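*Asks:* Let me give you the structure first, and then I'll get to my questions.
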Amino acid sequence: MLINSLIELDRAHLVHPVSSYRNHETSGVRVLRSAKGATLTDASGHQLLDGFAGLWCVNAGYGQDSIVEAATRQLRELPYATGYFGLGSEPAIRLAARLAELAPGDLNHVYFTLGGSDAIDSTIRFIRYYHHAEGLPQKDQFISVEQGYHGSSTAGSGLTALPAFHVGFGVPYNWQHKIPSHYAYRNPVGSHPQAIIDASVAALRAKIAELGADRIAAFYIEPIQGSGGVLVPPPSWLKSMHAVCKENDILFVADEVITGFGRVGPFFACEEDDVVPDFMTTAKGLTSGYVPMGAVFMSDRVYDTIADGAGKMAIGHGYTYSAHPVSAAVGLACLDLYENGLLENGRKAGRRLMEGLRSLADHPLVGDVRGRGMLAAIELVTDKHRKTPLPAQADPARRIFDRAWDNGLVIRAFAQGVLGYAPPLCCTNDDIDGIIERTRMTLDQTL
Ligand code: PLP
C-alpha cells in the first residue's frame, strides 16, 4: 500500500533526471529503501548487488560509518559557512590542501562546486577569463570528443556529444566542436592502438587547422569515456592528445568526474598516462555520493594568470554552496578510506571484475568486453562477426535492465546495447562473482 502510494506521488510530482517522462509515468518508480556495502534493498525487500555504484559515484560503498560520523559531527558543529567575504571553514581548507597534494603535477588550486556539471561549467568560465587575462579574448572556441559526456549545464551540454542532450533544446552550440571518438570496437580505422592514436591526432590537428589555433580555448577529454559506453582509449592516447594541445597553446581539460578517486586504479586516471592537464574536473567519488560536491583543479600557471588578470577586482564566479563544510567533511572521510585500503581493494576487485567479464566473451550475445579497474562494459550484438547491434526498436536496454533487476543486479544498460559496470570499490570477491553470475543469467534469458 505504502509503495503504491509512493509510486502515485512520484508519478504526479517528481520530475526525474534524464528520463522519458511519459515512459516513466507508465513504468512507475522503483523505490530504494536502504543499502550496505555493495547491496541495495528496495521498498519490497528485494536485495540487489549495485553493479553501478548508484550513478558511478558511491566509490566507498554504502553504510560507511566514518563518513556518516564525519557528516554528523560537521552538521552539529558548523552546518554552513560561505566562502564569500574571505570566510572559510576548516574542512574545506583541509580538503583543498589534501586534494592538491594528491593531484598530478602542479594542479595546486581547487575550486569546489556541487557536482560535475557545474564543475565543467566553471572551467568554461575560468578558461574564458584566463584567455581574456592573457590578452587573447578571441580564443573562444572549445573542442571535445564524440560520445563524450561533460554534464548537462547550458554551456557544458554543448561539450557533451550525446544526441539526447541536444535534441529539442534549441540551444545554439556554435562554439563547441567535436572530433571522432577513439571507440576501438567500431572505429573505421580498426582496433590497432597506434592506428587509433594516429587517427585521433590527425582529427585534432585537422580541427585546429579548420578553426585556427589562435581561436581555440580548450580541448576536453574523459580519460575513459563513461556515458558514451565506457570507451577506453589505447595507452598513450591521452599523452598524444595533450602534446598536440601544448604545441598549439590550447588548454587541456581532463574530465575525471567518473575516473577520479580510484575508479580505474590510481587516484586519478591521468596519472597512468603521466599527463598533467591544465584543468581537472572531479565529483562523484570525491564524496562517494553521500552528499553533493565537485572540484575543479587548476594549475599554478592558470591560477596565477586568472588572479593577476583580475588584480583587485572580484572574479564573479561562485555559488552559495561552494566549499560546503559538510560536503568537505565527507570528502575528507572518503580520502581517509581510499588511503587506508579502499583504493587497494578496488584494484583487486577490478582485476576480478575484468577477468569475470572476459569470461563472458564466449557468450553468443557478447561482442566486446572493455574496461579498466572498476569501470567496464560489455557490448551486446546479435551477430558477432558483423558486430550487428541489438535492434533499437525493441528497447533492449530497458528489457535487460529489468531482467537484471529481477535477478538481483543493478547495471547500467545503455541504449545502444552496452551494459556498464562501476561497482563500489569495497566489493568483496563474492560481490564481484555475484555480479558476473547474475549478468550471465540475464544474458541467457535475453537470448
Ligand atoms: N562529466 C562526466 C565525465 C560525467 O560522467 C558526469 C556525470 O555523469 C558529469 C561530468 C556531470 O556530473 P553531474 O551529474 O554531477 O552534474
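*Asks:* Explain nothing, just compute: Karplus ³J(HN,Hα) = 6.51 cos²θ - 1.76 cosθ + 1.60, θ = phi - 60°, for every residue of the range 84-97 in order, whole Hz, x for Gly and Pro.
*Replies:* So the Karplus estimates, Gly and Pro as x, are 5, 6, x, 8, x, 10, 4, x, 5, 5, 5, 5, 4, 5 Hz.
*Asks:* How large are Rg and Dmax for the range 165-207 when only the alpha carbon atoms are used, in Å?
*Replies:* 13.7, 38
*Asks:* Under a point spin-label approximation (7 Å from Cα along Cα-to-Cβ), what is the Tyr80-Ile7 distance to one decimal in nm?
*Replies:* In this crude spin-label approximation the distance works out to 3.8 nm.
*Asks:* Summarise the long-distance tail of P(r) for the range 308-405 by giving the % of C-alpha pairs beyond 16 Å.
*Replies:* Here the tail beyond 16 Å accounts for 75 percent of pairs.
*Asks:* With a point put 7 Å past each Cα toward its Cβ, work out how far Arg386 is from Ala164 in nm, to one decimal.
*Replies:* Label at Arg386, label at Ala164, 2.7 nm between them.
*Asks:* Also, quick follow-up: Can you grab the distance from the C-alpha centre of the range 373-392 to the C-alpha centre of the range 244-293, Å, no decimals?
*Replies:* Cα centres, the range 373-392 to the range 244-293: 27 Å.
*Asks:* Below 12 angstrom from the Cβ of Ser27, what's the summed charge of the other residues (Lys, Arg +1; Asp, Glu -1)?
*Replies:* +1
*Asks:* What is the gain in length, in nm to one decimal, between Val15 and Ala213 on full extension, counting 0.36 nm per residue of separation less the C-alpha to C-alpha distance?
*Replies:* Stretched fully, the Val15-Ala213 segment lengthens by 67.1 nm.
*Asks:* Dimensions of the range 66-337 along principal axes (Cα, Å, largest first)?
*Replies:* In descending order, the Cα extents are 57, 40, 40 Å.
*Asks:* Still on this model: Treat every Asp and Glu Cβ in the chain as -1 and every Lys and Arg Cβ as +1, leave all other atoms uncharged, and give the resulting dipole magnitude about the Cα centre to the nearest 20 debye.
*Replies:* 760 debye
*Asks:* Another question, if that's okay. Cα extents of the range 1-83 along the three principal axes, largest first, in whole Å?
*Replies:* Dimensions of the range 1-83 along the principal axes of its Cα atoms: 44, 32, 26 Å.
*Asks:* Taking only C-alpha pairs under 8 Å that are 6+ residues apart, what is the relative contact order of the chain in percent?
*Replies:* 21 percent
*Asks:* Along the positive direction of the dipole of the chain (beta-carbon charges: Lys, Arg +1; Asp, Glu -1; about the Cα centre), which of Ala70, Ile120, Ala314 reaches farthest?
*Replies:* Ile120
*Asks:* What's the center-to-center distance, using Cα atoms, between the range 133-201 and the range 10-67 in Å?
*Replies:* 30 Å
*Asks:* Can you tell me, using C-alpha contacts under 8 Å and at least 6 residues apart, the relative contact order of the range 393-447 as a whole percent?
*Replies:* The value is 38 percent.
*Asks:* Now, a different point. Answer with one residue from Pro180, Gly226, Thr26: the one whose Cα lies farthest towards the positive end of the charge dipole of the chain, charges on Cβ with Lys, Arg +1 and Asp, Glu -1.
*Replies:* Going by the charge dipole, the pick is Thr26.
*Asks:* If you restrict to DSSP beta bridges whose two residues both lie in the range 66-337, what percentage is antiparallel, to the nearest 5?
*Replies:* So the antiparallel bridges in the range 66-337 amount to around 40 percent.
*Asks:* On to the next question. So, how do all the Cα-to-Cα distances of the range 216-273 break down into 5 Å bins, in percent, from 0 on up?
*Replies:* Here the calculated profile for the range 216-273 is 4, 19, 28, 26, 15, 7, 1.
Read-outs throughout are calculated quantities, based only on the coordinates presented, and are distinct from any laboratory measurement. As the structure is a computational prediction, the values presented were derived from the model and not from experiment. Don't worry about glycine lacking a Cβ; one is built from the backbone with ideal geometry, like all the others, and counts go over all protein chains shown.
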